[in-house]
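Just so you know, all these numbers are worked out from the coordinates, no wet-lab data involved. Just so we're clear, the structure is a prediction, and the values are computed from it rather than from any experiment. We place every Cβ from the backbone using ideal geometry, glycine too, and count neighbours over all the protein chains shown.
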Amino acid sequence: MANLTHKIIRDHLVSGRMIPGEEIAIKIDQTLTQDATGTMVYLQLEALGIDRVKTELSVSYVDHNTLQVGFENADDHRFLRTAAAKYGVYFSGPGNGICHQVHLERFAVPGKTLLGSDSHTPTSGGIGMLAIGAGGLDVALAMAGEPFYMTMPKVLGIKLIGNLRPWVSAKDIILEVLRRLTVRGGLGKVLEYFGEGIKHLSVPERATIANMGTETGATASIFPSDEITWEFLRWQGRERDWRRLEADPSAEYDEVMEIDLGELEPLIACPHSPDNVKPVREVAGLKVDQVIIGSCTNSSLKDLLTVAAVLRGRKVHPDVSLVIAPGSRQVLLELARSGALADLISAGARILEPACGPCIGMGQAPPSGGVSLRTFNRNFEGRSGTPDAQVYLASPETAAATAVTGVITDPRDLGEPVRISLPRSISKDELIIPPPEKGEGVEVIKGPNIKPVPLADPMPESLETIVLLKVGDNISTDHILPAGAKILPLRSNIPAISEHVFERIDPTFPSRAKKLPKGVFGAVVGGHNYGQGSSREHAALAPMYLGLRLVIARSFARIHRANLINFGILPLSFVDELDYGRIDQGDRLRIENLPDQLRSGGEVVVENVTKGIKMALRHDLSEREIDILLAGGKLNYVKNKASQGR
């Protein structure tokens, strides 16, 4: 009997067998982009020569780079608006809200597939979509009508039983999942939720869980579409989009995890990883400097009405800066109409526009050495904008209690739980711009900071590299290419943004890469889960621009591995774990007869010329991925196919 994930994949399967570990291709119904990744997507569409997108629906959101301290972000917004009109894409401008929150409200449809150039695209799994994050180039190709290739995932069924106790929330459920799985435990899996416990969770609560499943490394997270889903869609005026979609009663899963919701208590992720989870009571009493409530994980109307109810009649502690970032214009409007916005302001909260903001390091950095409690999904070191800040992740309830007391506080200490009621009807966002029927004659306006997409040369027969950097486990895309107000505006300018590659680990990396001898490329050696975190393809594209063509790691995060291949960088892993210790920064590595080695099996012999030793390294590349790498990346590969009439 089929589970929900298999049902949707089967309905969209283009090629391949639904056997875990094998490569499959699926049809994509919808796509989303955001401005930090979207500028490159539309430049790639231009490079592909596409006139009009071929998906059922595509939406371009502006939600990351909304601070306009110079012309760069404003120019990108204008470029995205005009490109959306040309290519047939809906456009959600700055201030309309976070892509995942708005997409859930306005566009997500049960049973459809969604591919987004943002790692938290699985948020729409809360409404019964198979929603997957990917690099921008994969999204551009899906918009061009190409299928999306991925490894067929295993399905981890997460059975929820019981009901949450007072002051315990959906955020605590996903923190419990992270505590059990860790940031690597979801690799190669879809997390599918079932059981009687889901009947007590609203769509926004399900979306919180689906959103943060990304931090386990999972391909996607998904909930069934049931009466609760229908009620949410009716509330949004979209009943026509509803369909019942559930796993069969005797559905089989590759693995099963059971969580008794009644046994959960308020949880918190401690610095500097989302899986460093403890009960709030174990860290209670720690003084905090800042509390921020928002992000695509916890900025729904339900979340913020709950926070407002906690703060009603109370004041924010004088030592705490409380910041509220609503997830969408719809949420902000309803907060204002209900009076909850006045409660938040009266309590002393600072109100931001609906956007990602502090979650991506775009403002509200904590003070030096400060403690910040956030309702976000990531607390990687330095991501907040303050290198030595201590960032904790918790529920809106815990955040609100902490803002009042000035120290990390178990919300159960506040006494009786607050009660909220949602409005009977909801505001409709009329500011999303639909595309014109035809895009001919639309001028796509590019500012001076928008540069063409750089391409790699085809992979050489023999690859000669120098190890420019060696790093440990859980290196994130924030480590490889930071976000924040300083660097995000350079997303459409690869030559400029490449100056910041590995800035937080080794600021000399770009200058050393530029000094590589002619015909010699760069290599990086990493530990487990290399490239965890965001979908930013810039973490592969900018290093490629600097000459990187080889990454050897103990294991790779799914999206980053795909991005490396897309831009002509060879990902290899260790056969013998001890070989990690046999390569050092500065070593010269050589791979002879690379194409033949890649095609002849799953291992490649690499010679460490510096140490005079050879080692076998593993690749799990499909024939298609080998062709992409040898062509120098996916854009070259697609253009070659088109020129050959295939």
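Expressed as a rounded percentage, what relative contact order does region 463-643 have, with Cα pairs under 8 Å and six or more residues apart?
Answer for region 463-643 is 22 percent.
Among the lysines, which have Cα under 17 Å from the Cα of K514 when same-chain residues fewer than 8 positions away are ignored?
Filter leaves no residues.
Translational diffusion coefficient of region 558-635 at 25 °C, 0.890 mPa s, Stokes-Einstein with Kirkwood Rh over Cα pairs, in µm²/s as a whole number.
So the translational diffusion coefficient is about 186 µm²/s.
So which trypsin sites (Lys or Arg not before Pro) in region 477-584 pass both tests, a DSSP loop state and at most 14 other Cβ atoms within 10 Å of the Cβ?
K486, K515, K518
Diagonalise the Cα gyration tensor of region 506-602 and give the resulting equivalent ellipsoid semi-axes, square root of 5 times each eigenvalue, largest first, whole Å.
Value: 19, 18, 15 Å, ordered largest first.
Averaging sequence separations of C-alpha pairs under 8 Å and six or more residues apart, then dividing by the length of the chain, give the relative contact order as a whole percent.
14 percent
When a/c is below 1.5 the answer is rounded, else prolate if a/b is larger than b/c, else oblate, so apply that to region 1-106 with a ≥ b ≥ c taken from the square roots of the Cα gyration tensor eigenvalues.
Prolate, because a/c is 1.5 or more and a/b exceeds b/c.
Kindly express, to the nearest 10 degrees and within the range 0 to 90, the angle between helix 203-212's C-alpha long axis and the longest C-alpha principal axis of the chain.
Taking the Cα atoms of the chain, the angle to 203-212 is about 40 degrees.
Fully extended, how many nm does the chain gain between A47 and R624 (0.36 nm per residue separation, minus their Cα-Cα distance)?
Contour length minus the Cα-Cα distance gives 205.6 nm.
Cα extents of the chain along the three principal axes, largest first, in whole Å?
70, 56, 53
Rounded to the nearest 10 degrees, what's the angle between the helix 634-643 long axis and the longest principal axis of the chain, both from Cα atoms, 0 to 90?
With rounding to tens, the tilt is 60 degrees.
Report ³J(HN,Hα) in whole Hz for each residue of region 28-36, in order, from the Karplus equation J = 6.51 cos²θ - 1.76 cosθ + 1.60 where θ = phi - 60°; Gly and Pro get x.
For region 28-36, the Karplus-derived couplings read 9, 8, 10, 9, 9, 10, 10, 5, 5 Hz, x marking Gly and Pro.
Return a whole-number percent for the relative contact order of region 1-78, with Cα pairs under 8 Å and 6 or more residues apart as the contact set.
With pairs under 8 Å counted, the relative contact order is 26 percent.
Return the sequence-ordered ³J(HN,Hα) values of region 500-514 in whole Hz as given by the Karplus equation 6.51 cos²θ - 1.76 cosθ + 1.60 applied to θ = phi - 60°, using x for Gly and Pro.
Along region 500-514, the couplings run 10, 4, 6, 4, 7, 9, 8, x, 7, 4, x, 5, 5, 5, 5 Hz.
Please report the antiparallel percentage of the DSSP beta bridges confined to the chain, to the nearest 5.
The answer is about 30 percent antiparallel.
With all pairs of different alpha carbon atoms counted, what Kirkwood hydrodynamic radius in Å does region 267-414 show?
Across region 267-414, the inverse of the average 1/r is 14.7 Å.
Quick one: of K451/K641; K287/K428; K27/K470; K171/K287, which pairs are farther than 30 Å apart, Cα to Cα?
K287/K428; K27/K470, as the Cα separations exceed 30 Å there.
Name the residues whose placed amide hydrogens come within less than 5 Å of the amide hydrogen of F91, ignoring near sequence neighbours (fewer than 5 apart) on the same chain.
S60, I433
With viscosity set to 0.692 mPa s and temperature to 37 °C, compute the Stokes-Einstein D of region 79-184, Rh being the Kirkwood radius across alpha carbon pairs; µm²/s, no decimals.
201 µm²/s
Tally the DSSP beta bridges in region 463-643 and give the antiparallel ones as a percent, rounded to 5.
Looking only at bridges with both residues in region 463-643, the antiparallel portion is about 45 percent.
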